[in-house]
Amino acid sequence: MLPVLKSLGQALDKYSRIDKMPFDFGVGDPLFPAEIHMVTTVVMRGPFGVTELAHELGTTKGAVSQLIGRLLKKGLLFKEKSQLNGARVVVSATDLGRVAHANHMEFHARHDAKFIEFLGNLDEHSYQLVCELSEEIDSWMGNYLK
């Protein structure tokens, strides 16, 4: 096996394990990555309907509906009628959801600083190569899901 594939496999394995771990973002219940990423997406770009949110997150409407249900119970999101179309229901973040989002952003600023610095120090050609590699990895992994 090529050394790069071995280290990439190890990194993907770690990512898979991290994706199943809850984290404390200071809002009571620990949140799984999918939960906090949905809250962050809604805070930064919402409000969203279920279909839009599924598209934005790259997942199914069923998965989004389940996550919304959990986040409603945790008090991080709320449902309301769309201001643009009163027949449509959208989800927005509560004040507690905004706190979770702020703590999430702070967590990443601290935790990811070294990696972000590494990327920022790359020359343009190297940075473009990393971007291309990331897209190729995404496509490669996507083939396993077909």
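The values are calculated or read from the model by the stated rules, or taken from the named source; none is laboratory data. From a predicted model like this one, the values you see are computed outputs, not experimental measurements. Backbone-built Cβ (ideal geometry, glycine too); neighbour counts: all protein chains shown.
Conditions (1) modelled with pLDDT under 95; (2) farther than 19 Å from residue 145 by Cβ; (3) exposed (fewer than 12 other Cβ atoms within 10 Å of the Cβ), marked per residue:
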| site | (1), (2), (3) |
| --- | --- |
| 2 | yes, yes, yes |
| 19 | yes, no, yes |
| 44 | no, yes, yes |
| 52 | yes, yes, no |
| 55 | yes, no, no |
| 59 | yes, no, no |
| 69 | no, yes, yes |
| 75 | no, yes, no |
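When you look at residue 89, is it touching a helix residue (DSSP H, G or I) at 6+ places or on another chain (Cβ under 9 Å) and surrounded by fewer than 16 Cβ atoms within 10 Å (Cβ to Cβ), yes or no? So that I can check it myself, show each step before the final result.
Details: touching a helix residue (DSSP H, G or I) at 6+ places or on another chain (Cβ under 9 Å): yes; surrounded by fewer than 16 Cβ atoms within 10 Å (Cβ to Cβ): yes.
Yes: the conditions hold for residue 89.
Residues that are in contact with a Leu (Cβ under 6 Å, 6 or more places away or on another chain), at least 2 per element: which helices (runs of 4 or more DSSP H) completely within region 1-106 meet that?
Working: elements: 3-18, 33-45, 50-57, 61-73.
Output list reads 33-45, 61-73.
Pairing each residue of region 42-56 that is farther than 20 Å from residue 100 by Cα with any residue that is assigned to a helix (DSSP H, G or I) and among the β-branched types (Val, Ile, Thr), provided the two are 6+ apart or on different chains, yields C-beta distances under 6 Å for 50/64; 54/64.
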